[in-house]
Amino acid sequence: MCTVIVNVPDHPDDPTRLLAVRDEDPARPWNPLGAWWPERDGRIVGVRDARAGGAWLAARPDAGRLAVLLNRADISERTDEEVASRGGLPLDAVQGVTLRDDPRTRGFNLVDVEGARVRVTSWDGRGLRSHDLAPGVHMLAHDDVDDEATARIAAWLNAFREASRTAPREDWLGAWLDVLDVSSRLSPDDDRAIIRDNRPHGFPTQSLLLCAAEITASSVEVRYGELPEPAGWSRTALRE
């Protein structure tokens, strides 16, 4: 039940800005931001799932590409033996590999950034949908983009939009972290929370880390930070 906030620029020469919060089972090991896939391409960096070997977030800075994966409900009848890990999807995306029409994975939302273009591809186990996002600030979790049926989107999307509108452009990240500061006053098990404890909702996941990125046609700058404890917010986890 991860969360992504992304600002798609009005002008193609301006950077795309993205903030991603990862929710995962704390018992599932990961590797921090680094170049973990030399067998694919040594230029790829990302956050690696140590168990399955794939990525939650991946980037190819020299190509101006970044992708991040969010889980989505799966309505297929496939067994666990019939599906592959979703972790290869961000790696494929930053390498420009076309996604097959029938992914052999559980459901997902994939955010695929190439310069100023941001595409979201959604798969529920039966149907695949893709669309490019219009300029502006958008928010995504486990359902659709800007879906106000998702409590945290209904609670905070307008706050992120207002922060982007009023803050100096060079302080976009500080303005967004201010919104996270306010949101963290909620209990992490509140369904409106962004820094989350999903266990009361029937999932073993908690917010563990976050990444912020600026993407242009020729570069990606990623900042990585781990929360001091699962579902425990501190803005100093991600240095501005």
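Quick notes on this one:
- Number of the condition not met by Arg169 [criteria: (1) of a type outside the set (Phe, Trp, Tyr); (2) surrounded by 17 or more Cβ atoms within 10 Å (Cβ to Cβ); (3) free of Cβ contacts under 8 Å to residues at least 40 places away in the same chain]: (2)
- Of the residues making up the stretch 185-233, those that are surrounded by 15 or more Cβ atoms within 10 Å (Cβ to Cβ), in a loop (DSSP other than H, G, I, E, B) and among the polar types (S, T, N, Q) are Asn198, Thr205, Thr216.
- Search result, residues across the stretch 226-240 that are at pLDDT 95 or above, more than 17 Å from Val47 (Cα to Cα) and touching a helix residue (DSSP H, G or I) at 6+ places or on another chain (Cβ under 7 Å): Pro228, Trp233
- Where a residue in the stretch 73-85 is farther than 21 Å from Ala55 by Cβ and its partner, wherever it lies, is part of a loop (DSSP other than H, G, I, E, B) and of a type in the set (D, E, K, R), with Cβ under 7 Å and at least six apart: Ala73/Asp124; Ile75/Asp124; Ile75/Arg126; Ser76/Arg126
- Residue in the stretch 100-119 that is in contact with a helix residue (DSSP H, G or I) (Cβ under 8 Å, 6 or more places away or on another chain), hydrophobic (A, V, I, L, M, F, W, C) and within 18 Å of Leu19 (Cβ to Cβ) present: yes
- Failed criterion for Leu57 (all others in (1) out of contact with any Cys (no Cβ under 9 Å at 6 or more places or on another chain); (2) under 24 Å from Leu208 (Cα atoms); (3) not small (Gly, Ala, Ser) hold): (1)
- One residue alone among Arg40, Arg17 is part of a loop (DSSP other than H, G, I, E, B) and either modelled with pLDDT of 95 or more or surrounded by 14 or more Cβ atoms within 10 Å (Cβ to Cβ) (or both), and that residue is Arg40.
- From the options Asp102, Asp146, residue that is surrounded by fewer than 20 Cβ atoms within 10 Å (Cβ to Cβ), among the charged types (D, E, K, R) and at pLDDT below 95: Asp102
- Evaluation of Ser76 against (1) crowded, with 20+ Cβ neighbours inside 10 Å; (2) out of contact with any strand residue (DSSP E or B) (no Cβ under 8 Å at 6 or more places or on another chain) (one fails), failing number: (1)
- Entirely in the stretch 110-181, the strands (runs of 3 or more DSSP E) that have 2 or more residues that are β-branched (Val, Ile, Thr) and closer than 30 Å to Val83 by Cα: 117-123
- Exactly one residue out of Pro32, Pro15 is in contact (Cβ under 8 Å) with a residue 60 or more places away in the chain, under 18 Å from the mean Cα position of the chain (by Cα) and more than 30 Å from Ala154 (Cα to Cα): that is Pro32.
The values are calculated or read from the model by the stated rules, or taken from the named source; none is laboratory data. As the structure is a prediction and not an experimental result, all values here were calculated from the model. Every residue, glycine among them, receives a Cβ derived from its backbone with ideal geometry; neighbour counts consider all protein chains shown.
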